[in-house]
Amino acid sequence: MMQKDAKILIVEDDADFVKILSTGLVDYGLKNIITAFDGEEGLEKAIKEKPDLILLDLILPKMRGEDFLKKLRAHPDIHAIAVLIISQLSDYKKISETMSLGIKGYIVKADFSLDRMIEQIERILDE
């Protein structure tokens, strides 16, 4: 059973997608949702808030998702935070490169459904 008090950081530059995602998660019962709209802000919030899970887009202003992941993994306080990628990139090579950076899952936005997202979040938070 997923912890409803889990802290989730959404790092995504599409404000409409952030609204859909955060509203869906709050409706599901998750109350501790933090948002960042670019990679730099996301990294600052990850360091400050130490979330249980980061939902990360790869195509971001100021710092791309791959660079965000590398900096996250290199930081002593936040290197072990679980990351779930949500991206428009569906290229298998890009997905496998990203998986090598220690992420817990990858959802292609074209295939996005809130139910599937919540299943992935539950799986990760229950590990």
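The values are calculated or read from the model by the stated rules, or taken from the named source; none is laboratory data. Since we're looking at a predicted model, the values are computed, not measured. Every residue, glycine as well, gets a Cβ built from its backbone with ideal geometry; the counts of neighbours run over all protein chains shown.
Anything in the stretch 24-46 that is of a type in the set (G, A, S) and crowded, with 19+ Cβ neighbours inside 10 Å? List them, or say none.
A36, G39, G42, A46
Criterion first (at pLDDT below 90, at negative phi and out of contact with any Cys (no Cβ under 8 Å at 6 or more places or on another chain)) does K45 satisfy it?
For K45, the condition - at pLDDT below 90, at negative phi and out of contact with any Cys (no Cβ under 8 Å at 6 or more places or on another chain) - is not met.
Any residue in the stretch 4-18 that is over 14 Å from the mean Cα position of the chain (by Cα), closer than 19 Å to E122 by Cα, surrounded by fewer than 17 Cβ atoms within 10 Å (Cβ to Cβ) and touching a residue at least 60 places away in the same chain (Cβ under 8 Å)?
No, because not a single residue in the stretch 4-18 is over 14 Å from the mean Cα position of the chain (by Cα), closer than 19 Å to E122 by Cα, surrounded by fewer than 17 Cβ atoms within 10 Å (Cβ to Cβ) and touching a residue at least 60 places away in the same chain (Cβ under 8 Å).
Among the numbered criteria (1) surrounded by fewer than 22 Cβ atoms within 10 Å (Cβ to Cβ); (2) in contact (Cβ under 8 Å) with a residue 40 or more places away in the chain; (3) farther than 16 Å from K109 by Cβ; (4) not acidic (D, E), which one does I81 miss?
Of everything listed in (1) surrounded by fewer than 22 Cβ atoms within 10 Å (Cβ to Cβ); (2) in contact (Cβ under 8 Å) with a residue 40 or more places away in the chain; (3) farther than 16 Å from K109 by Cβ; (4) not acidic (D, E), I81 misses just condition (2).
Name the residues in the stretch 58-85 that are assigned to a loop (DSSP other than H, G, I, E, B) and farther than 28 Å from E119 by Cβ, would you?
P61, K62, M63, H75, P76, D77
For the stretch 10-57, which positions are of a type outside the set (D, E, K, R), under 20 Å from K70 (Cβ atoms) and in a helix (DSSP H, G or I)?
Across the stretch 10-57, the qualifying residues are G39, G42, L43, A46, I47.
Restrict the check to the stretch 106-116 and report whether at least one residue is buried (at least 18 other Cβ atoms within 10 Å of the Cβ) and either in contact with an Asp or Glu (Cβ under 7 Å, 6 or more places away or on another chain) or at pLDDT 85 or above (or both).
no
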